[in-house]
1. Could you check how many residues of the range B:12-33 are within 12 Å of chain A (Cβ to nearest Cβ) and assigned to a loop (DSSP other than H, G, I, E, B)?
2. Do we find a residue being at positive phi and under 17 Å from the mean Cα position of the chain (by Cα) anywhere in the range B:351-362?
3. Which of the numbered conditions does residue B:395 fail, given that it passes all the others? Conditions: (1) surrounded by 13 or more Cβ atoms within 10 Å (Cβ to Cβ); (2) modelled with pLDDT of 90 or more.
4. Quick check on this structure: which one of B:449, B:475 is closer than 22 Å to residue B:291 by Cβ, in contact (Cβ under 8 Å) with a residue 60 or more places away in the chain and surrounded by 18 or more Cβ atoms within 10 Å (Cβ to Cβ)?
5. Regarding the range A:5-13, can at least one residue be identified that is within 14 Å of chain B (Cβ to nearest Cβ) and either modelled with pLDDT of 85 or more or within 29 Å of residue B:352 (Cβ to Cβ) (or both)?
6. Give the number of residues within the range B:78-115 that are at pLDDT 80 or above, surrounded by fewer than 17 Cβ atoms within 10 Å (Cβ to Cβ) and in contact with a helix residue (DSSP H, G or I) (Cβ under 9 Å, 6 or more places away or on another chain).
7. Do we find a residue being at positive phi, more than 27 Å from the chain's Cα centre (by Cα) and assigned to a loop (DSSP other than H, G, I, E, B) anywhere in the range B:195-217?
């Protein structure tokens, strides 16, 4: 299971998004590279992009990203050599752990970042990847890098 | 055979030999994807449900067009076409927001009344649960629950609600205990045979828990008395055994803004749900019209496995307790289907019908109606409409749909029912909208209309014939007959 690293500014961006959409779930794309040449097993997130939660129903506890939106973001991202490597979403008033629903709808290979957010604060965050054989989520190490270390070592593609 | 390029989504490339694109042969989009999935069981699992249908959260594009707007998997492909598979990304939180019951009850004074030592002992197992505690037990004591029907469903529900400490239990039933009841109605004893059910029930409940106030309503519920009977209660438990009363109870509960806990049984199957028109569908949203009376025998005619209402009644009691306590996820918006023989539970999502005559913003029915007439208790000797209009049996329709000139299939049910299940290739035109939407139907083509049990589609067939359509038939027995005789994977509801 790949550890995931991301600059703290991106985590701040995701948290801001989650606070803005509270009490509804926020969702978005993780764009990056993996493997990193210096650390082949890790995945680096280089930017995040907000998505629209188009779930037809209770957006407090469900999110849905339209396939057209994924397709468009993927196209743009791949043309810059940085594919969509996963998704983030928030759990208003719930822990930063994926739910059964999350697991039932997850795809392998992607990194799933879950942020817990409440009315007064946003706190915990977790990263998960689907174990394709077992069809269950495994938690992966999320390394948040302070800004000064986050010069991306990415080759523009 | 046309050759198409299939773009494999990143997460699945590892299971397609690492390729981002695969060239495959196939005549239709469905055939192409199936041959991709056959290469690897993980691909199969992510693309298809166990029943072999493309998963809801997989969107397929043919050259940038969503195949749901084409002919879905039957869309034909040409040489050089590009098929893209894009996952829809979905997820969510583990549990829904709590729902508090609006307790209609006595004022604050009762709130502060303490429990006796005996009651603290009696309810100790409740008090030990953080989700109940003294506060929750007080809510139970203040709650008033009406059980319509003290038979197969009402009997076990009443027993357990009394054991739980519900303060007031109303019972509506005018029958006497019959020997044949004892196979399942565990509230009664052999000595009670011949005695009015309410008297026997009251004695039994009071023996179990003298703290419960049992209010007998020894009446036949009707449009004249239903609102008055239901009014003082917080929750209605619907344990009726006939359709006119079911609709009556639902309508009265909706008009009075009270939740009703629905349960029904038939032979080896049961259904449970909670209808709260403020937050979800009511009974009519799911079943806008009753089935023809001759199609639904009562337990007396069809038989019922004795243990079945025990389970269903207990599920109703469970939902009632949860509503009172404001704990857990209720069955609002969910229809639980139970098969005792297979011992399976299935759940169907059910939605409020935006055009429900009773509980939607377009509601036209503001009071109670004549329920026996609504349920079509027929005049003696009358032939059902279904047999008077041209009809087609499910097996024959299936053969016609598989032929080279299939009929144009029209589903005349409501959108909520369509969402539960519908026949592939059908077009949804709810019966109420037919008159304004007839232009969507070509008079020359072969039309077949269907609904859930065949009543509405028979009426719609009559309507179209009167409007000059030459070739219209109704599916005899509706989707239920189709599910029974042609395709058991179609859920019956």
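1. Total satisfying the criteria: 2.
2. no
3. Residue B:395 satisfies every listed condition except (1).
4. Of B:449, B:475, the one residue that is closer than 22 Å to residue B:291 by Cβ, in contact (Cβ under 8 Å) with a residue 60 or more places away in the chain and surrounded by 18 or more Cβ atoms within 10 Å (Cβ to Cβ) is B:475.
5. no
6. Of the residues in that region, 1 qualify.
7. No, the range B:195-217 contains no residue that is at positive phi, more than 27 Å from the chain's Cα centre (by Cα) and assigned to a loop (DSSP other than H, G, I, E, B).
Per-residue answers, yes or no, for (1) modelled with pLDDT of 85 or more; (2) within 30 Å of residue B:127 (Cβ to Cβ); (3) in a loop (DSSP other than H, G, I, E, B); (4) assigned by TED's automatic domain parsing to the domain that holds residue B:188:
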site: B:301; (1), (2), (3), (4): no, no, no, yes
site: B:318; (1), (2), (3), (4): yes, yes, no, yes
site: B:322; (1), (2), (3), (4): yes, yes, no, yes
site: B:346; (1), (2), (3), (4): yes, no, no, yes
site: B:359; (1), (2), (3), (4): yes, no, yes, yes
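The values are calculated or read from the model by the stated rules, or taken from the named source; none is laboratory data. Here the structure is a predicted model, which is why all the values come from computation and not from measurement. Using ideal geometry, Cβ is built from the backbone for each residue, glycine included, and neighbour counts are taken over all protein chains shown.
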